[in-house]
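I have placed the structure first, in the form of structure tokens, so that the comments after it can refer back to it.
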Amino acid sequence: MNKTFTITVDGVEHTLSADPTMPLLYALRNDLGKKGPKFGCGLAQCGACTVIHEGTAVRSCVFPVAAVTGNVRTLDGLGTADNPHPVQQAFIEEEAGQCEYCIGGWIMTATALLEKDPDRSDSEIREALAGLKCRCGTHMAILRAIKRAAGQMRS
Amino acid sequence: MTTKHLQDKDGLVSVTRRDLLKGTSALIIGVAVPPLATISSATAEASVVTRTLNPAQLDTWLAIAADGRVTGYWGKMDMGQGVDTAIAQIIAEELDIDVDIVDIIAGDSALCADQGGASGSTGVNLSGAAFRAAAAEARLVLLEKGSVELGVPLEQLTVSDGVVHRIGDRTQAISYAELVADRMFNEPISWNGRYGNSLALEGRAKPKDPQDYRVVGTSVRRKDIAGKILATTEFLHDVRVPGMLHGRMVRPDVAGARVVSVDEASVEHIPDVQVVVENDFVGVVAPSEWDAIRASKQLKVEWDDGDSGFPTTSDELFDWIRAAEPGESVVEENIGNVDAAFDGAARTIVAEFEWPFQSHARMAGAASVADVRDDAIVVWTDSQKPYDTGKGAKVLLETPINGRRKNAPDYSVRSIWKPGPGSYGRSDAGDGAMDAVLLSEAVGAPVRVQWMRNEGHAWDPKGPASVVTCRAAIDGSGNVAGYHFHIKGFSRADQNSRENAPSEVLAGHLIGHSNTPEWRMQTPAESYGFPNKRYSWDALAPLRQQASPLRTAHFRDPYGPEVHFASESFIDEMAFATETDPLEFRLGLVTDPRDAAVLEAAADLAGWEPHASARRRRDANGNYVGHGIAYATRNGSVNALVAEVEVDPNTGRLWVRRMFVGADHGLIINPFTLDRVIEGNLIQATSRTLFEEVKFNRKMVEISDWVSYPILEAADAPLEIKIRKINRPELDPRGAGEPTTRVVPAAIANAFFDATGVRVRRAPFTRERVKAALQSA
Ligand code: FES
Ligand code: FES
């Protein structure tokens with residue numbers, strides 16, 4: 001049975017009707033028209049769907065709509081062309097990613113990590129990225145971008 | 001430059017379906033679309049014209065708008081390697097314009113002539129050559145027009161920044177935009193009559209001398225990046241068309257199981273679900289995506305267990321291959337007298353190398369939107385061969401089978417490429433598109449299909465498994481007198497790399513079309529001047545012919561990693577058997593100076609220290625450390641790699657810590673992007689070498705997700721990759737999308753040997769295998 005939910009995404013309140021077990025990802029993509037969170041596995045194994053919920057990076061593909069309590073930040077809302085988030089800016093400068101299908105997962109995970117504390121070692125960063133997949137194998141550029149962003153966010 | 005997809009502009013939603021398909025003709029697919037030039041200047045209705053595609057006309061390739069922007073209509077597409085940017089650079093170079101005013105429209109069968117799609121790392125090389133000729137010709141035509149307009153003889157004119165003017169004098173000047181804007185060139189260009197990769201053009205104009213390049217060879221940035229990172233770019237996955245329904249497939253747990261019965265009542269409680277069954281093709285369609293997913297999980301299907309399954313398992317696979325009867329045997333290369341060399345050998349060395357099936361395992365399984373209504377097919381796809389997707393959809397729907405499609409209409413077809421998750425050959429993209437086409441045909445509405453994770457792993461086409469046997473004859477003075485490389489494995493093309501026929505896609509098999517595998521193998525590509533050498537292969541028929549989860553197809557650098565894992569490991573074995581340093585051994589054998597140059601470049605970057613046996617060095621933590629080298633050519637590209645590895649004997653973890661590359665891909669179009677393309681090749685190949693194996697039992701493959709099929713993650717990425725690129729302006733660009741893949745497995749295996757003194761001859765080098773190898777040593 002569908003139920004009505006009111007959720008806040010990128011600072012905007014939305015009301016939608018959905019099966020309570022439906023993962024947040026489908027609401028974001030189909031009801032709200034978000035493009036950033038992507039379907040990769042639906043199993044919390046790849047990170048393509050990652051959003052930030054109350055400051056923590058979560059996998060929206062397994063996060064029921066019914067569980068949303070606070071603001072959800074998506075890649076779509078993170079920054080704009082004129083005012084990109086420092087992490088986005090660093091990814092653009094570094095040309096991180098190839099197909100870019102995975103990239104939202106890396107950016108949202110890195111954003112949650114660096115916003116808490118941008119002073120991170122290489123191994124802390126790699127640890128925080130555990131579970132994220134990039135089939136194109138662009139890890140080197142992604143790591144460079146995250147370190148570049150960390151540097152900018154520290155200063 | 002920017003990459004535009006016309007349908008992004010106002011959204012296909014606002015272009016009517018009639019407009020989308022209007023103007024089709026038998027010979028040339030011309031479709032009603034607004035030319036870019038008029039999008040902003042004319043009313044939508046008035047601007048709808050038919051774009052007629054004729055490769056022998058300049059207008060098919062290039063258009064110049066009133067604002068001076070230049071559009072290239074490109075019949076390939078970029079898979080995230082910046083190839084569209086390279087094409088824009090080539091156009092800007094020949095036309096003497098700023099690269100920022102070049103737009104590329106890619107892979108829409110109604111807008112761009114078929115240049116073969118993304119294929120074999122040919123994007124820059126082959127399709128770039130066509131654009132070089134077209135843009136050079138356009139410049140000449142514009143100079144000629146300018147000469148008439150300005151009343152100045154042609155030879156006294158030049159172009160700066162898209163303005164034709166007298167040499168050294170800008171008072172007499174006229175811009176490209178003024179000369180041609182919004183009108184057609186109406187100029188022929190000589191075309192070789194072919195479509196696809198080999199499509200070639202030649203104009204009257206002579207393209208620039210590479211010495212004069214200003215844009216080509218510079219690090220123009222990929223502008224598609226920003227839109228993707230800011231989440232403003234429309235991916236295939238974001239395409240939504242009016243009335244669109246969501247489809248999901250229902251697959252059996254046993255390979256090749258047949259449908260006995262389908263209980264539609266089992267999903268009746270889910271709103272507006274439709275069940276589509278044809279032979280063994282089973283899918284569900286619903287207005288809500290979540291409902292389609294739920295229905296696909298809840299639909300009760302009874303499958304038989306009949307003739308399904310495989311004659312062997314992944315554990316017994318290599319012995320099975322050794323014993324199997326080949327379907328085709330070929331000697332590719334036979335130089336000197338190999339048999340005599342072995343007869344006269346003082347000693348021989350022999351080694352076998354094993355490589356498993358591997359999954360393409362894209363970041364997301366196949367997706368597509370198809371709209372089949374009346375006599376028209378529109379299909380949105382991220383396939384590397386969108387032209388073949390369209391053709392394949394048409395043949396699929398026009399070929400009678402199961403008592404259906406006898407009176408099928410003569411469909412018009414438009415295929416529209418949109419970016420999707422990286423694809424590295426013949427992935428599952430074309431399979432997903434045909435699923436969408438069949439579902440849309442059945443329900444009479446546009447249908448979006450998204451394969452779930454288990455489908456993307458279990459049912460995508462696979463890279464083939466093989467066993468390689470290498471033998472060397474060493475003569476009395478310690479030289480290699482004869483060398484025999486023999487590969488026996490599954491053909492790399494159970495499925496063609498083009499999904500242009502029902503035999504070549506999973507959906508086709510499921511509704512009853514027969515698969516038609518081809519025999520295609522590979523042997524080493526290098527320039528070693530052994531006096532006696534033989535390269536041969538045995539190809540095996542698929543383990544299952546129909547609808548097989550192990551059907552093979554091209555996966556990045558088809559057979560490159562498998563073949564060169566063996567050949568370049570064995571080169572090291574020969575070097576050590578003759579007490580020679582592996583670098584020195586290679587340098588003594590290569591006959592092409594380009595090959596020697598990349599070997600030296602990689603070795604120099606790595607600080608290579610000569611050694612004629614394994615060094616078994618340990619670092620402060622007790623981990624083994626070693627270096628290994630490998631090199632190979634591929635269609636005129638040549639790469640050498642030194643890998644530095646660290647091996648933890650307690651955990652069995654093999655970490656590729658550093659990689660040093662000497663790379664020669666001919667003329668470099670864009671150094672910044674090239675570095676990233678090489679890095680992607682290296683990391684993906686490292687993942688395949690260390691982690692990836694498709695396990696299977698007699699019933700089914702045992703992979704369904706990233707746990708059962710792990711790939712490299714950030715923790716295992718190297719600390720550093722250093723690349724030294726050798727630019728060859730005198731050569732064409734030779735393609736970079738794949739060639740650095742093939743050097744990776746052997747460089748790692750050779751480094752492992754240097755570190756531990758133990759040879760690994762079976763991929764992947766998992767922790768368990770590493771530990772076992774070290775214990776048995
Ligand atoms: S799609 Fe959510 S983790 Fe993969
Ligand atoms: S960039 Fe393609 S999957 Fe990461």
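The values are calculated or read from the model by the stated rules, or taken from the named source; none is laboratory data. Every value quoted in this text rests on a predicted model; they were computed, and no experiment measured them. Virtual Cβ from ideal backbone geometry, glycine too; neighbours counted across all protein chains shown. Just the protein is used for accessible areas: all its heavy atoms, side chains included, with ligands, DNA and RNA removed. Shrake-Rupley method; radii C 1.70, N 1.55, O 1.52, S 1.80 Å.
Here are the numbers for the structure shown:
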| read-out | value |
| --- | --- |
| Heavy atoms of residue B:568: accessible area, 1.4 Å probe, square angstrom to 10 | 0 Å² |
| 3J(HN,Hα) from dihedral phi, the range B:290-306, Karplus parametrisation 6.51/-1.76/1.60, rounded to Hz, x for glycine, proline | 5, 5, 4, 5, 4, 5, 5, 7, 8, 4, 8, 10, 9, 10, 8, 10, x |
| In Hz, Karplus ³J(HN,Hα) per residue of the range B:260-277 (6.51, -1.76, 1.60; θ = phi - 60°; x = Gly, Pro) | 9, 7, 10, 9, 4, 4, 5, 10, 4, 6, 8, x, 6, 6, 10, 9, 10, 10 |
| Selection from B:350, B:531, A:5 lying farthest towards where the dipole of the protein assembly as shown points positive, charges on Cβ | A:5 |
| Antiparallel bridges, percent of DSSP beta bridges restricted to the protein assembly as shown (to nearest 5) | 75 percent |
| Qualifying lysines (Cα of each under 27 Å from Cα of residue B:725; at least 8 residues distant if same chain) | A:147, B:76, B:208, B:223 |
| The range B:560-776: relative contact order in percent, alpha carbon pairs under 8 Å with at least 6 residues between | 31 percent |
| Solvent exposure of the range A:3-77 as accessible area per residue, Å², 1.4 Å probe | 35 Å² |
| Shielded residues, the range B:337-379 - accessible-area loss of 40 Å² or more between chain alone and all protein chains, probe 1.4 Å | B:363 |
| At least 30 Å² accessible surface lost relative to isolated chain, residues of the range B:410-427 (1.4 Å probe) | B:424 |
| Dipole axis of the protein assembly as shown (+1 Lys, Arg; -1 Asp, Glu on Cβ), positive-most option in B:321, B:735, B:656 | B:656 |
| Degrees, to the nearest 10: A:139-154 long Cα axis against longest axis of chain A | 90 degrees |
| Cα-centre dipole for the range B:560-776 with unit charges at Cβ (Lys and Arg positive, Asp and Glu negative), debye to 20 | 560 debye |
| Sorted largest first, extent of the protein assembly as shown alpha carbons per principal axis (Å) | 83, 80, 65 |
| A/B buried area, accessible surface, summed, 1.4 Å probe, Å² | 4700 Å² |
| Value of relative contact order over the range A:86-154, rounded to a whole percent, pairs C-alpha under 8 Å and six or more apart | 57 percent |
| Reach of residue B:206 by Cα under 19 Å, taken over lysines that are not fewer than 8 positions away in the same chain | B:145 |
| Residue-averaged beta-carbon neighbours from other chains (10 angstrom radius) around B:387-396 | 0 |
| Antiparallel bridges, percent of DSSP beta bridges restricted to the range A:3-77 (to nearest 5) | 95 percent |
| Residues of the range A:86-154: accessible area per residue with a 1.4 Å probe, Å² | 29 Å² |
| Charge dipole (debye, nearest 20) of the protein assembly as shown; +1 at Cβ of Lys and Arg, -1 at Cβ of Asp and Glu | 600 debye |
| Protein accessible area in chain B, 1.4 Å probe - carbon and sulfur % | 48 percent |
| Percentage relative contact order, chain B, counting C-alpha pairs under 8 Å, at least six apart | 13 percent |
| Anisotropy class of chain B from Cα gyration tensor, a/c 1.5 cut | oblate |
| Summed side-chain charge close to residue A:105 - residues other than residue A:105 whose Cβ falls under 10 Å, Lys, Arg +1, Asp, Glu -1 | +3 |
| Accessible surface, 1.4 Å probe, highest first, among residues B:300, B:488, B:771 | B:300, B:771, B:488 |
| Summed side-chain charge close to residue B:368 - residues other than residue B:368 whose Cβ falls under 12 Å, Lys, Arg +1, Asp, Glu -1 | -4 |
| Electrostatic dipole magnitude of the range B:265-321 [Cβ: Lys, Arg +1; Asp, Glu -1; Cα centre; debye, to 20] | 380 debye |
| Helical contribution to [θ] at 222 nm, DSSP H n ≥ 4, -39,500 (n - 2.57), averaged over chain B, rounded to 500 | -8000 deg cm²/dmol |
| Number of partner chain Cβ atoms within 10 Å, mean per residue of B:218-227 | 3 |
| Order by protection proxy (mean Cβ within 10 Å, highest first), peptides B:203-210, A:144-151 | A:144-151, B:203-210 |
| Residues whose placed amide H lies under 5 Å from that of residue B:303, excluding near-sequence neighbours | B:260 |
| Residue B:266/residue B:772 FRET efficiency (R0 41 Å; Cβ-Cβ; nearest 0.05) | 0.30 |
| Net charge over other residues, Cβ less than 9 angstrom from the Cβ of residue B:335 (K, R count +1; D, E count -1) | +1 |
| Threshold 30 Å² - residues in the range B:278-311 whose accessible area is reduced by that much or more when the chain is no longer isolated, probe 1.4 Å | B:289, B:290 |
